[in-house]
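Asker: Please find one structure pasted underneath; my questions will follow.
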């Protein structure tokens, strides 16, 4: 990915994707193309255990590149919105845990990118929100769907209708972010959380995410059936037998992901 606006680093089965399009990592076509390329590589990486998304510089992502958007025709905008939506859905569909490490501001499409992750850590002093209605549009990359599922319809309406950016305290209280990291500790906190997840059995993590995501919004009896089906996929695995053997032999397990 030489010359890419999305950089990838790997350590201990955890991939760190950094949006790198200064000054605010706005969502221009090049960045979204590069993000799609990076996500395609993650989809095909059997060694992957978790992924972190963050932004270079002072801000995570300020949202749409409005200068680029001004040059688009209405037909181009109609094609662009589902393309951006699809890229974020691709991130949400990764089979491993994903963490948005939010530095500075994540606004509009930038916050929708964070919402597509499983978990969100906001650095103290940062702000997040969906200001699209102040620009005569609405969130079009998952914001009207993922935010209500995360914090409830009433709170999501307040966020979207007011177009406000929320500081770390209110964002945490509303449940829009999971953790607030002290200044300068954002990536340390994200890496520690990812490492804790990556230390567990990889197939169990993948099947757990599969069951949670597939069951969201379904009646309980359907969700329970999905859980049983996911569990059945784990029963014949080497890792499950390894867990029992390591317990019996009083040693740490060695996961093989199969």
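Asker: Take the Cα atoms of the range 176-258, find their three principal axes, and give me the spread along each one in whole Å, biggest first.
Answerer: Over the range 176-258, Cα extents along the principal axes are 45, 41, 17 Å.
Asker: Roughly how tilted is helix 29-43, in degrees to the nearest 10 and between 0 and 90, from the longest Cα axis of the chain?
Answerer: Roughly 10 degrees between the two axes.
Asker: Between the range 76-128 and the range 211-229, how many Å separate their Cα centres?
Answerer: 24
Asker: Another question, then. Using Stokes-Einstein with the Kirkwood hydrodynamic radius over Cα pairs, what translational diffusion coefficient do you get for the range 202-249 at 10 °C and a viscosity of 1.306 mPa s, in µm²/s rounded to a whole number?
Answerer: Numbers: Rh = 11.6 Å.
This corresponds to a translational diffusion coefficient of 137 µm²/s.
Asker: Using 0.36 nm times the number of residues separating residue 9 and residue 235, minus their current alpha carbon distance, what extension gain do you get?
Answerer: Values: separation 226, 0.36 × 226 = 81.36 nm, distance 3.32 nm.
This chain segment gains 78.0 nm when fully extended.
Asker: Let me know the Rg and Dmax you get for the range 114-166 when you use only its Cα atoms, in Å.
Answerer: In Å, with Rg to one decimal and Dmax whole: 10.9, 30.
Asker: In degrees between 0 and 90, to the nearest 10, how far off the longest principal axis of the chain does helix 220-234 point, with axes built from Cα atoms?
Answerer: Computed tilt is about 60 degrees.
Asker: If you build the convex hull over the alpha carbons only and average its shadow over all orientations, what do you get for the range 1-153? Give it in nm² to one decimal. Write down the numbers at each step before the final one.
Answerer: Details: hull surface 36.8 nm².
Convex hull of Cα atoms, orientation-averaged projection: 9.2 nm².
Asker: With equal scatterers on the alpha carbons only and no solvent term, can you work out the Debye log10 of I(q)/I(0) for the range 72-157 at 0.14 1/Å?
Answerer: Summing over Cα pairs of the range 72-157 leads to -0.50.
Asker: Still on this structure, I have one more. For the range 165-219, what is the convex hull volume of its Cα atoms per residue in Å³? Please list the in-between numbers first.
Answerer: On the way: hull volume 6.2 nm³, N = 55.
Cα convex hull per residue, to the nearest whole number: 113 Å³.
Asker: Using only Cα atoms and rounding to the nearest 10 degrees, what angle (0 to 90) does helix 202-215 make with the longest principal axis of the chain?
Answerer: Helix 202-215 sits at roughly 50 degrees to that axis.
Asker: What number in nm² do you get for the range 9-88 if you take the convex hull of its Cα atoms and divide its surface by four? Kindly include the intermediate steps, with their values, before the conclusion.
Answerer: Working: hull surface 22.5 nm².
Seen from a random direction, the Cα hull of the range 9-88 projects 5.6 nm² on average.
Asker: Turning to a different aspect of this structure: May I ask you to sort 255, 159 by Cβ crowding, counting other Cβ atoms within 10 Å and putting the fewest first? Spell out each step's value before the answer.
Answerer: Numbers: 255 22, 159 26.
By the 10 Å Cβ count, ascending: 255, 159.
Asker: To continue, here is another question. In whole Å, largest first, what are the principal axis extents of the Cα atoms in the chain?
Answerer: The Cα atoms of the chain stretch 63, 44, 38 Å along the principal axes, largest first.
Read-outs: derived from the displayed coordinates by stated rules, not from any lab. This is a predicted model, so every value here is computed, not measured. Reconstructed Cβ throughout: ideal geometry from the backbone, glycine too, with neighbour counts over all protein chains shown.
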